[in-house]
Amino acid sequence: MKYVLIFLAIFGIVVSSLALREHYRTQGDSPCSINERWDCGMVNKSPYAVVRGTGIPVAVLGLAGYLLMGVLAARRAYPLVLAAAAAGLAYSLYLAHIEKDILGVWCVYCVISLGIISVMTLLAAGATIASRRRPETGHG
């Protein structure tokens, strides 16, 4: 489980990096500007692309969160991975609501990230449950 979670965290870092690149892109069209319903550039340049009152791009939160979850997974700290993933999933669902109901435009990178964090949450929950069900050994 450890390596699957680490792989997903690395994949999340890559996707968050691409979203951050879109946030700071100043020239040319977004490579994921597919049509009027799918446009990463429009989403990542909207007022919702930064954490309100901080100026910190949401993609930076994604980078930090995936890095944290990767480190925690490497240490097999599955309950902590679960806590971080659940928080990330809640925020990702909020952002999906913004895309669907307010902006009316979806970001491919954001949807991929939502998929990644959803899978990480499920896997971390399973790993947490499994680690608590294992009989303890070595306690004489």
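Some values worked out for this structure:
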{"quantity": "Search result, residues across the range 68-107 that are aliphatic (A, V, I, L, M), in contact (Cβ under 8 Å) with a residue 60 or more places away in the chain and crowded, with 20+ Cβ neighbours inside 10 Å", "calculated": "69, 73, 81"}
{"quantity": "Breaking point among (1) free of Cβ contacts under 8 Å to residues at least 60 places away in the same chain; (2) of a type outside the set (D, E, K, R); (3) touching a strand residue (DSSP E or B) at 6+ places or on another chain (Cβ under 8 Å); (4) buried (at least 17 other Cβ atoms within 10 Å of the Cβ), for residue 65", "calculated": "(3)"}
{"quantity": "Whichever residue in the range 19-44 is assigned to a loop (DSSP other than H, G, I, E, B) and either buried (at least 16 other Cβ atoms within 10 Å of the Cβ) or of a type in the set (A, V, I, L, M, F, W, C) (or both) and, among such residues, is nearest to the chain's Cα centre (by Cα)", "calculated": "32"}
{"quantity": "Selection status of residue 9, crowded, with 21+ Cβ neighbours inside 10 Å, in contact with a Lys or Arg (Cβ under 7 Å, 6 or more places away or on another chain) and either on the phi > 0 side of the Ramachandran plot or at pLDDT 90 or above (or both)", "calculated": "no"}
{"quantity": "Near pairs, Cβ below 6 angstrom, 6+ apart or cross-chain, from the range 13-41 (within 18 Å of residue 64 (Cβ to Cβ)) to any residue that is assigned to a helix (DSSP H, G or I) and β-branched (Val, Ile, Thr)", "calculated": "15/112"}
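The values are calculated or read from the model by the stated rules, or taken from the named source; none is laboratory data. Please read all numbers here as calculations on a predicted model, not as lab measurements. When we count neighbours, we look across all protein chains shown, and the Cβ atoms used for this are built from the backbone with ideal geometry, even at glycine.
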